[in-house]
1. Kindly provide the set of residues from the range 167-185 that are part of a helix (DSSP H, G or I) and surrounded by fewer than 17 Cβ atoms within 10 Å (Cβ to Cβ), ordered by number.
2. Cβ-Cβ below 7 Å, separation at least six or inter-chain, first residue in the range 288-305 and closer than 9 Å to GLY188 by Cβ, second aromatic (Phe, Trp, Tyr) and surrounded by 24 or more Cβ atoms within 10 Å (Cβ to Cβ): which pairs?
3. Kindly provide the set of residues from the range 98-137 that are open to solvent by less than 80 Å² (accessible area, probe 1.4 Å), in contact (Cβ under 8 Å) with a residue 12 or more places away in the chain, closer than 23 Å to SER231 by Cα and assigned to a helix (DSSP H, G or I), ordered by number.
4. What's the number of the condition ILE271 fails, among (1) without any contact (Cβ under 8 Å) to a residue 40 or more places away in the chain; (2) outside any helix (DSSP H, G or I)?
5. Restricting the range 300-337 to residues that are under 17 Å from ILE196 (Cα atoms) and polar (S, T, N, Q), which is farthest from the chain's Cα centre (by Cα)?
6. Select from the range 223-266 the residues that are charged (D, E, K, R) and open to solvent by less than 10 Å² (accessible area, probe 1.4 Å) and list them in ascending order.
7. For the range 135-143, indicate whether the set of residues that are more than 26 Å from SER97 (Cα to Cα) and more than 35 Å from the chain's Cα centre (by Cα) is non-empty.
8. Looking at (1) in a helix (DSSP H, G or I); (2) open to solvent by 70 Å² or more (accessible area, probe 1.4 Å); (3) aliphatic (A, V, I, L, M), which is the one condition that is false for VAL151?
Amino acid sequence: MVATMLSCLAQSYLSTSPETLTKRARVNLLNRPNTLLRFPNSARLTPLPRRRLLPLCFFNAGEDPDSNFQERSQEETNLEWPILKRWEVPWEWQTVSLTSLACGLSFILTGLIETAAIPYLGLKIEELSLDEKAEILFVDQSITTLVVLGVLYGVANTFQPLPEDLFRYDLKEPFNLQKGWVLWAVIGLVGAIIAIALTGAAMSLFRGEDPQRETDALVRLLPLIGSSSISTACLVGITGVLAPILEETVFRGFFMTSLTKWVPTPVSVIISAAVFALAHLTPGEFPQLFVLGTALGFSYAQTRNLVTPITIHAFWNSGVILLLTLLQLQGYDIKELLQATS
């Protein structure tokens, strides 16, 4: 039966005219999809692109792996320690040098001008009471703070707009784990107290005879400590408010951040702490001041908020004044205690 069918097909094919066969071939060619016409031979020779092997995760099977990679990279970036991040400082070393010199000169000249102006105001220092002397010291420190900060901000404003984390005083989110100024102020203060205590113990252990204590600012303020509530309030205002704002803005807010343009942030913390300790002109207190400056610098680098080191500095200074006042009221000889601990 198969042979019969084949013979019939062959007979019908042979009996068909060549013109009919040509027409049928054209119709079949037009009606049948021809991949060779649509895709040239070069398409068949081009190798398929190699697919990248991606990790399989059944929990995120419907998500884009590239977006997951970007999210992970962003999370890793957020987990980096802010303490290692540098500031984007717009000025060069010439500005840093001249501005630091201008701040130092304005500090010295302001004090000299105020001292020279006191006699012209009809004031005799030796005839003034302790409360009046404390009030004059408070006014003196206020004027000095305004002059020095005015010089600093006057120079900085020529580089507007400044980055947001330069000269930043922010009271928001005080207990944030990463940048909370209250949280890191407590951490920095506790760390500074422990480190300074260990430093003092090490110095007393390896030191021979106790040298005479330098005539630093604290010794000069001794007559005012505990003399009255007005004197105590003025001293707390000087040491616990004005001095921390001035010193932290200059040494941490300007000098330390400027150094990060050329050295890593931890190195800038160390350098600024050394300059901070030297600026107090008390060589015997250099180790303790250096440790305190280091704690202030690292707390500022962590939060990038000047309120943090200002808070640590304020509590440290005012705490010392209040402690000495309490000891004075209890009948202790403060000067003898200071010499014993020097």
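1. VAL182
2. SER299/TRP184; GLN302/TRP184
3. Listed by number, the residues that qualify are THR110, GLY111, GLU114, LEU130, ASP131, LYS133, ALA134, ILE136, LEU137.
4. (2)
5. SER318
6. Answer for the range 223-266, where residues must be charged (D, E, K, R) and open to solvent by less than 10 Å² (accessible area, probe 1.4 Å): GLU248, ARG252.
7. yes
8. (2)
The values are calculated or read from the model by the stated rules, or taken from the named source; none is laboratory data. All of these numbers come straight from a predicted model, not from anything done at the bench. Positions of Cβ are generated from backbone atoms using ideal geometry, with glycine treated the same way; all protein chains shown enter the neighbour counts. The protein model used for the area step is the full one, side chains on, heavy atoms only, and it has no ligands, DNA or RNA in it. Shrake-Rupley method; radii C 1.70, N 1.55, O 1.52, S 1.80 Å.
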